[in-house]
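Just so you know, all these numbers are worked out from the coordinates, no wet-lab data involved. Here the structure is a predicted model, which means the values were calculated and not measured. Every residue, glycine as well, gets a Cβ built from its backbone with ideal geometry; the counts of neighbours run over all protein chains shown.
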Amino acid sequence: MAWYFVGATAATLTTFGFVPQVVKMLRTKSVRDISLPTFIQFGAGMSLWALYGFHLGDVIIISANIVGILILAIAIAVYIYYAGRTAWVR
């Protein structure tokens with residue numbers, strides 16, 4: 001049971017790891033110091049983890065990575081929105 005808690009905690013921390021970055025982008029309305037390839041690479045990794053979770057039938061791995069992918073999708077959408085906005089300002 002202790003390892004279940006460790007896994008659930010690790011999944012939660014990883015899943016919501018990019019939320020502070022999304023909040024910062026929304027607050028500052030800037031993506032100037034943000035790396036889009038990092039978001040894409042992390043999203044690819046989470047997608048593979050989700051597939052692996054489906055293979056194992058592990059609900060924690062599946063749910064953590066699906067939620068993480070959704071958060072990254074929001075981050076990428078915010079990035080594209082603000083990157084497009086600043087392109088017109090320059």
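Some observations on this one:
- Positive-end residue, the chain charge dipole about Cα centroid, Cβ charges, pick of 49, 25, 73: 25
- Counting Cα-Cα pairs of the chain in 10 Å increments starting at 0 gives whole-percent bin shares of 17, 43, 25, 12, 3, 0.
- Helices that extend 24 Å or more along their long axis by alpha-carbon positions and average at least 1.6 on the Kyte-Doolittle scale are, among the DSSP H runs of the chain, 59-89.
- Computed over neighbours whose Cβ is under 15 Å from that of residue 79, the net charge equals +4, Lys and Arg +1, Asp and Glu -1.
- Loop-resident sites, the range 1-42, for trypsin sites (Lys or Arg not before Pro), counting at most 14 other Cβ within 10 Å (DSSP): 29, 32
- For residue 3 and residue 40, the difference between the fully extended length at 0.36 nm per residue and the C-alpha to C-alpha distance is 10.3 nm.
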